[in-house]
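Enquirer: This is the structure I have questions about; it appears just below.
The values are calculated or read from the model by the stated rules, or taken from the named source; none is laboratory data. All of these numbers come straight from a predicted model, not from anything done at the bench. Don't worry about glycine lacking a Cβ; one is built from the backbone with ideal geometry, like all the others, and counts go over all protein chains shown. These area figures cover heavy atoms from the full protein model, side chains too; ligands, DNA and RNA do not enter into them. Shrake-Rupley method; radii C 1.70, N 1.55, O 1.52, S 1.80 Å.
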Amino acid sequence: MLPKIRPAVRNDVPLILQFIRDLATYEKLSHEVEATEEQLVRTLFPADGGPAVAHCILAFVGEVPAGFAIYFFNYSTFLARPGLYLEDLFVKPEFRGQGVGKGLLLHLAGLANARGCGRMEWAVLDWNEPAIKFYESLGARRMLDWQVCRLTGAALQQYA
């Protein structure tokens, strides 16, 4: 059965937060989750009608929530075109291998094409071999020459 994929709505925020926590548990990063329902509402569904910081799609098998993806649009100066950055993708263990992850990725690829994006990118943990193999099976290419750099917490706040 192919998953049903739809954009998340404000009432989905508790489910989105649960998916975030489930992903963090899988990645052994639960201690890093600071997200709250209130923060998700503010950033994904702004009350002032302004643009959302990010977007979320949900996958269902039948009526059962099976996975999610959070993404946002960025910009490539080399291509002079927008890009789609996939921040998080998670499929519940009981639904893996059933086309849910592929459905989410292909849905996002369709959005990227419709928006005129020149590329779609995401990061994967180097130990997550099942995910790496899955992404490569879809034609994704790992960018092994690039390293992620990050300012966070006190290192970021010192420049406030």
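Enquirer: Only one of Gly50, Gly103 is out of contact with any Leu (no Cβ under 7 Å at 6 or more places or on another chain) and of a type outside the set (Lys, Arg); which?
Expert: Exactly one of Gly50, Gly103 is out of contact with any Leu (no Cβ under 7 Å at 6 or more places or on another chain) and of a type outside the set (Lys, Arg), namely Gly50.
Enquirer: Pairs, please: C-beta under 7 Å, at least 6 apart or cross-chain, first residue over 30 Å from Gln98 (Cβ atoms) and in region 64-83, second of a type in the set (D, E, K, R) and loosely packed, with under 13 Cβ neighbours inside 10 Å?
Expert: Pro82/Arg115
Enquirer: Give the number of residues within region 128-142 that are open to solvent by less than 90 Å² (accessible area, probe 1.4 Å), part of a loop (DSSP other than H, G, I, E, B) and under 19 Å from Asp88 (Cβ atoms).
Expert: Matching residues across region 128-142 total 3.
Enquirer: May I pose another question? Please go through region 49-66 and pick out each residue that is open to solvent by 20 Å² or more (accessible area, probe 1.4 Å) and out of contact with any Ser or Thr (no Cβ under 6 Å at 6 or more places or on another chain).
Expert: Listed by number, the residues that qualify are Gly49, Gly50, Pro51, Ala52, His55, Phe60, Val61, Gly62, Glu63, Val64, Pro65.
Enquirer: Return the pair list, or none, for Cβ contacts closer than 6 Å from residues in region 87-99 that are at negative phi to residues that are surrounded by fewer than 17 Cβ atoms within 10 Å (Cβ to Cβ) and of a type in the set (Asp, Glu), at least 6 apart or on different chains.
Expert: Taking only residues 6 or more apart or on different chains, not a single pair turns up.
Enquirer: Can you name every residue in region 78-120 that is within 13 Å of Pro3 (Cβ to Cβ) and of a type in the set (Gly, Ala, Ser)?
Expert: Selection gives Gly97, Gly99, Gly101, Gly103.
Enquirer: So which residues in region 144-153 are surrounded by fewer than 10 Cβ atoms within 10 Å (Cβ to Cβ) and either under 19 Å from the mean Cα position of the chain (by Cα) or not in a helix (DSSP H, G or I) (or both)?
Expert: Within region 144-153, Leu144, Asp145, Trp146, Gln147, Val148, Cys149, Arg150, Thr152 qualify.
Enquirer: Give me the pairs: first residue in region 4-33 and over 30 Å from Gly49 (Cα atoms), second residue basic (Lys, Arg) and in a helix (DSSP H, G or I), beta-carbon distance under 9 Å, and six or more apart or on different chains, which are they?
Expert: Ser30/Arg21
Enquirer: Another one. Listed residues Leu125, Leu156, Leu111; which is loosely packed, with under 13 Cβ neighbours inside 10 Å and under 30 Å from Ala59 (Cα atoms)?
Expert: Leu125
Enquirer: Here are the criteria: (1) over 16 Å from Ala8 (Cβ atoms); (2) open to solvent by less than 40 Å² (accessible area, probe 1.4 Å). Tell me which single one Val41 does not satisfy.
Expert: (1)
Enquirer: Here are Leu106, Leu89, Leu79: which of them is at pLDDT 95 or above and open to solvent by less than 40 Å² (accessible area, probe 1.4 Å)?
Expert: The unique qualifying residue is Leu89.
Enquirer: Please work out which one of (1) in a strand (DSSP E or B); (2) free of Cβ contacts under 8 Å to residues at least 40 places away in the same chain is the condition Ala112 fails and give its number.
Expert: Here Ala112 clears every test but (1).
Enquirer: In addition: Whether any residue in region 7-28 is in contact with a strand residue (DSSP E or B) (Cβ under 6 Å, 6 or more places away or on another chain), within 24 Å of Gly99 (Cα to Cα), outside any helix (DSSP H, G or I) and open to solvent by less than 70 Å² (accessible area, probe 1.4 Å) is what I want to check.
Expert: Looking through region 7-28, at least one residue is in contact with a strand residue (DSSP E or B) (Cβ under 6 Å, 6 or more places away or on another chain), within 24 Å of Gly99 (Cα to Cα), outside any helix (DSSP H, G or I) and open to solvent by less than 70 Å² (accessible area, probe 1.4 Å).
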